[in-house]
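K.L.:
Below is one structure. I have some questions about it.
Where a number appears in this text, it was derived from the coordinates with a stated rule and is not lab data. Predicted model only: the values in this text are computed from it and were never measured. Cβ coordinates were reconstructed from backbone atoms using ideal geometry, including for glycine residues, and neighbour counts include every protein chain displayed.
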């Protein structure tokens, strides 16, 4: 069921519904009961593998309980749409563009990261004397659990060396394997780069993207997505440091609010570094992840005990928050739009219409009110009808005047 | 809450399940020699040109070029050289006829594509041909953000200026979706029609399904054949496969532009009076550009402070003039500005003359309006829409329940046309287009910069100001001041 009349676009920094705002404390549940309830709600949908981009998506529309709940269930959004409605999963990305990205990354790590060192030294992030490049993926290649576990161990050892102030700690770590706890589950986060000069206390995460760096004309949506990914990586790095040192406060000091965005120059495959301060994005992700359990519990409390997201009824029973921006990043946007269109949700005509209509919850109702086929049920509805009628009056008058 | 006629129209479009008309006057004239351009970039390389088709309004595509792999230097050079020579021929044609060039593209995505090419390759010294193409494209991409410009016609903008669709505004960036809403067959499922239209690429890249199933395999085959050094006939055959895949894609984009042009021209919108001025300005801008091109001007990517300030002034001025033109001359635009409280519309009451001195009189009158929220303040000036000679200034306002009463003093036009009489229905807008404002501003900037302040001239910081001698009895000084 879509939230009628609440269609304004969400921005990073928007508050997700807090426990108080949603009308009271979330119900409490033991961890075992919670996991069992999640399993029941998941139904036949398999548990997918979340990554930084999936977690970061939560901040693109922080008020959407449906995406949040599916992420808590570990269900892939496209798969959820397929299971509930039979929707063909959208093609994720062009293999041609993906191949360009792979080629760019391979160029970065060739010759023990020579291009990366040139880039960082040129930007002042590393000193000419800084050395040491470790490709964690190459040390323990493979997708099997043993190799993945080995990469995690190697990463922790490398990070521990830096924490201990070892002089031979590498300046650049490629594809380190970190974990971030999301609603009690460990999610693997693999930043492309961790970099630190000998003078730095600890590493800073970074992402390599094959977008062209066009200064202020670089696609802001791409930058926003990458920044949210960076926020996830910062949180994951802080969590690992906390597990190594036992001190969460010093982890926040050691892992600051900045992250490296590595883009391609306008021509060729030479990298260019943009170090970004992402304090706001980190705060947004902390809020979203901090409220996650409470919101999922509230969703569960409102659902029938036998509801599951692999059925259309169960899927639609979880509240969503459709915005104009959902099309850009959410695999379920099309399904949400279909549902909104079926009930005449004003968001299908844009957030300005949704804001203008206010309490008049549906487009057919407003049309009936304007044509006199229905009677306003409240002074607020009367006000909305009057504004639209006034606009019609002015338009008619100007058309008459123009002849 | 203000009622916005745009939202009202969108509601009407939803009710009628088709696009409905909005603005009544055209802001652009499609030149008969305009270049209709549909270009595709390779996914992931947003400054490449993989396929391009060109033609003129109302005619089938005249030229098509597809290169097999724009990531390869030879193929990219071939494409850019061809495109550069086509543009230069068009520019030369315009020069001989005293016209300015005009291109017609699908949407903002197509404009971004051209801007990427213009910016990325403008300083590519190792390839003169590519550099020259980028410099010529700079004319269009630099002018495009300026309100009232006539050299870049973005089809989605033109259509959505005159038609309001029953879609989210973000969907109106897709040309095929907009066209699907204009005059759909009666009884059709418009939502399904829009969904189907949105599957057709109309921007600057192909969709992932096409890339993964059709284009990608052909590209890989061609690249492998190149690496092996296969015979030219084999490479030509692979090239033909790529062309056969991409030609229909750019072809559909081209046809969509032509469809949009046809609908716009067939609607026969009267032109804004300001359009003639805009066309003169466009011609001047083009002629200045050609001179700059011949002089080898570099068209920098980033402006210095003074140039940036002047260009910002110019853009603000152009935007103000466009807003003023629409409010003055376009019926829907004027209605919208009234509903949003930017313009004042109502009945005249109590015209009066107040004598200030032996030969000085002020003419006042009140306008009573039912506009719910007016965005005006004292000292705001307005112009009468029916006769621009009458300008007034707000001297006061009062609200009496359902009516607002605004008191106006006449600034100009006391004799002709004179203050309106009691009971006259009037509409006042903020301003009419001022085509000389930009020149006055530039002159003012020039005058001001004749004497640079000490903060901007090294070594001219003023010395310490001489301190006065303190009075022996400060209180006595204060006594004197009483």
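K.L.:
Can you pull out every residue in the range A:31-76 that is in a loop (DSSP other than H, G, I, E, B), surrounded by fewer than 24 Cβ atoms within 10 Å (Cβ to Cβ) and touching a strand residue (DSSP E or B) at 6+ places or on another chain (Cβ under 8 Å)?
P.N.:
A:49, A:50, A:51, A:74
K.L.:
Please find, among B:243, B:198, the residue that is surrounded by fewer than 19 Cβ atoms within 10 Å (Cβ to Cβ) and out of contact with any helix residue (DSSP H, G or I) (no Cβ under 8 Å at 6 or more places or on another chain).
P.N.:
B:243
K.L.:
Next question. Working carefully through the options B:335, B:318, find the one that is crowded, with 18+ Cβ neighbours inside 10 Å, in contact (Cβ under 8 Å) with a residue 60 or more places away in the chain and away from chain A (no Cβ under 13 Å).
P.N.:
Matching residue, one of B:335, B:318: B:318.
K.L.:
The conditions are (1) more than 25 Å from residue B:216 (Cβ to Cβ); (2) within 24 Å of the chain's Cα centre (by Cα); (3) buried (at least 21 other Cβ atoms within 10 Å of the Cβ), and residue B:145 fails exactly one of them. Which is it?
P.N.:
In the conditions (1) more than 25 Å from residue B:216 (Cβ to Cβ); (2) within 24 Å of the chain's Cα centre (by Cα); (3) buried (at least 21 other Cβ atoms within 10 Å of the Cβ), residue B:145 misses (3) alone.
K.L.:
Oh, and also: Quick one: residue B:55 ticks every box in (1) farther than 26 Å from residue B:235 by Cβ; (2) within 14 Å of chain A (Cβ to nearest Cβ); (3) in contact with a strand residue (DSSP E or B) (Cβ under 7 Å, 6 or more places away or on another chain) bar one, so which box is it?
P.N.:
Every condition holds for residue B:55 apart from (2).
K.L.:
How many of the residues making up the range B:13-23 are surrounded by fewer than 20 Cβ atoms within 10 Å (Cβ to Cβ) and farther than 21 Å from residue B:258 by Cα?
P.N.:
3
K.L.:
Please list, ordered by residue number, the helices (runs of 4 or more DSSP H) wholly in the range A:290-403 having 1 or more residues that are within 9 Å of another protein chain (Cβ to nearest Cβ) and under 25 Å from the mean Cα position of the chain (by Cα). Show your work before the answer.
P.N.:
Details: elements: A:292-302, A:312-317, A:333-343, A:351-357, A:363-370, A:379-402.
In the range A:290-403, A:333-343, A:351-357 are the helices (runs of 4 or more DSSP H) which contain 1 or more residues that are within 9 Å of another protein chain (Cβ to nearest Cβ) and under 25 Å from the mean Cα position of the chain (by Cα).
K.L.:
When the range B:3-36 is examined, which residues are found to be more than 18 Å from residue B:181 (Cα to Cα) and either in contact with a strand residue (DSSP E or B) (Cβ under 7 Å, 6 or more places away or on another chain) or facing another protein chain (nearest Cβ under 10 Å) (or both)? Step through it out loud before you land on a result.
P.N.:
At the first step, the residues of the range B:3-36 found to be more than 18 Å from residue B:181 (Cα to Cα) are B:3-5, B:24-36.
Answer for the range B:3-36, where residues must be more than 18 Å from residue B:181 (Cα to Cα) and either in contact with a strand residue (DSSP E or B) (Cβ under 7 Å, 6 or more places away or on another chain) or facing another protein chain (nearest Cβ under 10 Å) (or both): B:3, B:4, B:5, B:24, B:25, B:26, B:28, B:29, B:30, B:34, B:35, B:36.
K.L.:
Okay, next question. So for the range A:90-106 (the condition being buried (at least 19 other Cβ atoms within 10 Å of the Cβ) and away from every other protein chain (no Cβ under 14 Å)), does at least one residue qualify?
P.N.:
Checked against the condition, which is being buried (at least 19 other Cβ atoms within 10 Å of the Cβ) and away from every other protein chain (no Cβ under 14 Å), the range A:90-106 yields no hits at all.
K.L.:
Hey, another quick one. Which ones in the range B:117-151 are farther than 17 Å from residue B:85 by Cβ and more than 14 Å from every other protein chain (Cβ to nearest Cβ)?
P.N.:
The answer is B:143, B:146, B:147, B:148, B:149, B:150, B:151.
K.L.:
Going by the structure shown, is residue B:269 in a loop (DSSP other than H, G, I, E, B), touching a strand residue (DSSP E or B) at 6+ places or on another chain (Cβ under 8 Å) and within 24 Å of residue B:153 (Cβ to Cβ)?
P.N.:
yes
K.L.:
May I pose another question? Are any residues in the range A:182-195 touching a residue at least 60 places away in the same chain (Cβ under 8 Å) and within 18 Å of residue A:242 (Cα to Cα), and if so, which ones?
P.N.:
Residues satisfying the conditions are A:182, A:183, A:184, A:185, A:187, A:188, A:189, A:190, A:191.
K.L.:
Might you let me know whether the range B:192-208 holds any residue that is in a helix (DSSP H, G or I), closer than 18 Å to residue B:39 by Cβ and either touching a residue at least 12 places away in the same chain (Cβ under 8 Å) or within 11 Å of chain A (Cβ to nearest Cβ) (or both)? First the steps, then the outcome.
P.N.:
Going residue by residue through the range B:192-208, those that are in a helix (DSSP H, G or I) are B:192-198, B:208.
Still in the list and also closer than 18 Å to residue B:39 by Cβ: none.
For the range B:192-208, residues in a helix (DSSP H, G or I), closer than 18 Å to residue B:39 by Cβ and either touching a residue at least 12 places away in the same chain (Cβ under 8 Å) or within 11 Å of chain A (Cβ to nearest Cβ) (or both): absent.
K.L.:
Of all residues in the range A:213-250 being outside any helix (DSSP H, G or I) and within 14 Å of another protein chain (Cβ to nearest Cβ), which is surrounded by the fewest Cβ atoms within 10 Å (Cβ to Cβ)?
P.N.:
Checked the range A:213-250; the qualifying residue surrounded by the fewest Cβ atoms within 10 Å (Cβ to Cβ) is A:219.
K.L.:
Please go through the range A:201-212 and give me each residue that is buried (at least 18 other Cβ atoms within 10 Å of the Cβ) and not in a strand (DSSP E or B), ordered by number.
P.N.:
A:202, A:203, listed by residue number.
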